[in-house]
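In what follows, a structure is listed as structure tokens, so that the remarks can point back to it.
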Amino acid sequence: MKKILVLHGVNLNMLGKRDPVQYGTSTLEEINRLLADLGKELGLEVKAFQSNHEGELVERVQRIHLEKVAGVVINPGAWTHYSYALRDALETVPVPVVEVHMSNIHAREDFRRRSVLAPVVRGQISGFGVNSYLLGLRAVSLLLPPA
């Protein structure tokens, strides 16, 4: 079974409590359960990791080289807009990476409209709430080589 890594960035542990107008009321645990269930349907093993520490997330990305990870779904949170360290780490990942955002970052404040990660990921899905994650997982599954 191919392993997919779902990475959640800064403040995403506060989902369900933080700005429900933008992010809905689902918790991170609920999202991870939905992803695991969809993964089973798609024949994928889904593992999730969240950190509020940029260096920790960068180190988790770097460990992909040592593991049998087939693809990555990432919601970097605010790091989307300024983390060149995360961008550089993702640039070295030899598997498909899909960036997801629950809110439509292109319809928000000016500083949120630019992703420094976009040039190094296969694609970006934003604006569909929790479904952005599920669509991201489906997108990664379509990018995987046949078994």
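Read-outs: derived from the displayed coordinates by stated rules, not from any lab. Here the structure is a predicted model, which means the values were calculated and not measured. A quick note on method: Cβ atoms are made from the backbone with ideal geometry, for glycine too, and the neighbour counts reach across all protein chains shown.
Residues in segment 47-72 that are in contact (Cβ under 8 Å) with a residue 60 or more places away in the chain and in a strand (DSSP E or B): VAL69, ALA70, GLY71, VAL72. Within the set LEU44, LEU135, the sole residue that is in contact (Cβ under 8 Å) with a residue 24 or more places away in the chain and out of contact with any helix residue (DSSP H, G or I) (no Cβ under 8 Å at 6 or more places or on another chain) turns out to be LEU135.
Under the condition of being surrounded by fewer than 18 Cβ atoms within 10 Å (Cβ to Cβ), within 13 Å of the chain's Cα centre (by Cα) and either within 14 Å of VAL100 (Cβ to Cβ) or hydroxyl-bearing (Ser, Thr, Tyr) (or both), the residues counted in segment 11-50 number 1. A search for C-beta distances below 8 Å between a residue of segment 106-121 that is over 19 Å from PRO94 (Cα atoms) and any residue that is part of a loop (DSSP other than H, G, I, E, B), counting only pairs 6+ apart in sequence or on different chains, returns HIS106/ARG113; HIS106/GLY127; ALA107/GLY127.
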